[in-house]
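Enquirer: Can you read through this structure? Questions will come right after.
The values are calculated or read from the model by the stated rules, or taken from the named source; none is laboratory data. Remember, it's a predicted structure, so these values are computed and weren't measured experimentally. When we count neighbours, we look across all protein chains shown, and the Cβ atoms used for this are built from the backbone with ideal geometry, even at glycine. We work out accessible area using only protein heavy atoms, side chains counted, and drop any ligands, DNA or RNA first. Shrake-Rupley method; radii C 1.70, N 1.55, O 1.52, S 1.80 Å.
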Amino acid sequence: MVAIKNIWHFGGSSTLTVFILLAVVLDFEIGFFLFRSHPSVFSPLDRLMLFEWLRTYGLESITVTWWFFVLLFLLFILTLNTVVCTVDSVVALIKRREKFSGSRAFVLKFAPHVMHVAFVLLLLGHFTSYAAGFNLFNNILKQGIVMKVPHSDLQLSLENLKVKFYKNEDAPLLDFAGKARDVVADILIIDPANNTFKHGVKKKISINMPAFYQGISFHLKDFYPQNETNKGVPYVNLIIRKDPGIRIMAGGIILFTIGLVMYLFQTTHLNLRKKRIKGTSHDCSNATVSAESAERVKNLQEKEKDL
């Protein structure tokens, strides 16, 4: 039991936090140079999920990617350290509940711990996305062809593609005349598991406007035709993503903002209280000086009467 307590206290110590952060910085410095010198190994991280990359490029090039495995281990230890430290601090704070002057002062003391929880949620959200999500590139969708979405039962079809081209009179440069200026694609998402939409759900997507359905997002990367003179079957090139950790990360961001506002309010409240106490002390000292002066004047008057 004593050994477990010692391990627990060591896991939540601030000394361990400092050493972990220093190790993370050092690991990042090493990783920066390895990352720059071996782009072919690390560039697939843009299109592969974490575990898939670790099983392939990560293990196959372990002499180059070892720092990344060390980084994951350090982040895991840092998360445990944050959890243990936060639990100990919250328990100690609750035990000292009666020492606070009011409930507001007590609640504001939780500000740093709220931000610690937000930090854990952000890490958990990223891990969830990399572990359970996917990021698929080069999904060519042509009119008249139904495409199955990988890792799901969804099916896609391109219903319509509207491309606006520059005219000679509105082109910013002469070379822009006849080239695409805007595009909107109408896609049909067919979900066999959803009886509400037996005939599919229609979505509009453009370059800066993705479509969302059941936690999956569809992004327009490229399209055809891009020139008014192009002839052929229209198509779109989609990026299909699933990011299940986005809600967890959003919750972490919101919680961190709340904790930051609480901390700023607490700091402002303490500064005002210190100024108030300082002003009261100054007023008390002035009152004391005035009382002493009055006493001296009274003594002088009594002496003049005696004379």
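Enquirer: Output the number of residues of segment 76-97 satisfying the condition of being open to solvent by 50 Å² or more (accessible area, probe 1.4 Å) and either among the aliphatic types (A, V, I, L, M) or touching a Pro at 6+ places or on another chain (Cβ under 6 Å) (or both). Spell out the reasoning first.
Expert: From segment 76-97, those open to solvent by 50 Å² or more (accessible area, probe 1.4 Å) are 76, 80, 83, 87-88, 91, 94-97; that's our starting set.
If we keep only those that are either among the aliphatic types (A, V, I, L, M) or touching a Pro at 6+ places or on another chain (Cβ under 6 Å) (or both) as well, we get 80, 83, 87, 91, 94.
Selection size over segment 76-97: 5.
Enquirer: While we're here: For S14, state whether it is touching a residue at least 60 places away in the same chain (Cβ under 8 Å) and among the hydroxyl-bearing types (S, T, Y). Even if it seems obvious, please write down each step before you answer.
Expert: Details: touching a residue at least 60 places away in the same chain (Cβ under 8 Å): yes; among the hydroxyl-bearing types (S, T, Y): yes.
Answer is yes for this residue.
Enquirer: How many of the residues making up segment 147-198 are part of a strand (DSSP E or B) and exposed (fewer than 13 other Cβ atoms within 10 Å of the Cβ)? Break it down stepwise before answering.
Expert: Residues of segment 147-198 that are part of a strand (DSSP E or B), as a first pass: 147-148, 155-165, 179-190.
After this cut, where a residue has to be exposed (fewer than 13 other Cβ atoms within 10 Å of the Cβ) as well, the list is 148, 162, 164, 182.
Residues flagged as part of a strand (DSSP E or B) and exposed (fewer than 13 other Cβ atoms within 10 Å of the Cβ) within segment 147-198 amount to 4.
Enquirer: Looking only at segment 110-125, decide whether some residue is free of Cβ contacts under 8 Å to residues at least 60 places away in the same chain, out of contact with any helix residue (DSSP H, G or I) (no Cβ under 9 Å at 6 or more places or on another chain) and in a helix (DSSP H, G or I).
Expert: Within segment 110-125 (the criterion being free of Cβ contacts under 8 Å to residues at least 60 places away in the same chain, out of contact with any helix residue (DSSP H, G or I) (no Cβ under 9 Å at 6 or more places or on another chain) and in a helix (DSSP H, G or I)), the answer is no, since none of the residues qualifies.
Enquirer: Of the residues I4, I20, which single one is β-branched (V, I, T), farther than 26 Å from F137 by Cα and at pLDDT below 90?
Expert: After ruling out the rest, the residue left standing is I4.
Enquirer: So is R47 in contact with a strand residue (DSSP E or B) (Cβ under 8 Å, 6 or more places away or on another chain) and under 27 Å from T128 (Cα atoms) or not?
Expert: Working: in contact with a strand residue (DSSP E or B) (Cβ under 8 Å, 6 or more places away or on another chain): yes; under 27 Å from T128 (Cα atoms): yes.
Here the answer is yes, as R47 does meet what is asked.
Enquirer: Going through F106, F73, F51 one at a time, which residue ends up being in a helix (DSSP H, G or I), among the aromatic types (F, W, Y), at pLDDT below 90 and open to solvent by 60 Å² or more (accessible area, probe 1.4 Å)?
Expert: Values: F106 fails: open to solvent by 60 Å² or more (accessible area, probe 1.4 Å); F73 fails: at pLDDT below 90.
From the options F106, F73, F51, the qualifying one is F51.
Enquirer: Examine segment 222-231 for a residue that is surrounded by 13 or more Cβ atoms within 10 Å (Cβ to Cβ), within 33 Å of the chain's Cα centre (by Cα) and in contact (Cβ under 8 Å) with a residue 24 or more places away in the chain, and state whether such a residue exists.
Expert: yes
Enquirer: Scan segment 97-110 and tell me whether some residue there is within 22 Å of the chain's Cα centre (by Cα) and under 28 Å from L260 (Cβ atoms). Spell out how you get there, then give the answer.
Expert: So in segment 97-110, the residues within 22 Å of the chain's Cα centre (by Cα) come out as 110.
If we keep only those that are under 28 Å from L260 (Cβ atoms) too, we end up with 110.
Within segment 97-110 (the criterion being within 22 Å of the chain's Cα centre (by Cα) and under 28 Å from L260 (Cβ atoms)), the answer is yes, since at least one residue qualifies.
Enquirer: Quick one: is F68 of a type outside the set (D, E), more than 28 Å from I239 (Cα to Cα) and either assigned to a helix (DSSP H, G or I) or in contact with a Pro (Cβ under 8 Å, 6 or more places away or on another chain) (or both)?
Expert: Details: of a type outside the set (D, E): yes; more than 28 Å from I239 (Cα to Cα): no; either assigned to a helix (DSSP H, G or I) or in contact with a Pro (Cβ under 8 Å, 6 or more places away or on another chain) (or both): yes.
Taking the combined requirement at face value, the residue does not satisfy it.
Enquirer: With (1) within 27 Å of the chain's Cα centre (by Cα); (2) part of a helix (DSSP H, G or I) as the list, and I4 as the residue in question, which single condition is left unmet?
Expert: Failed condition: (1).
Enquirer: Can I ask one more? Name the residues in segment 35-48 that are assigned to a helix (DSSP H, G or I), open to solvent by less than 70 Å² (accessible area, probe 1.4 Å) and under 21 Å from D243 (Cβ atoms), would you?
Expert: Hits for segment 35-48 are F42, S43, P44, L45.
Enquirer: Mind checking which pairs have a first residue in segment 239-253 that is assigned to a helix (DSSP H, G or I) and modelled with pLDDT of 90 or more and a second that is open to solvent by 30 Å² or more (accessible area, probe 1.4 Å) and among the acidic types (D, E), Cβ under 9 Å, 6 or more apart or different chains?
Expert: The qualifying pairs are M249/D243.
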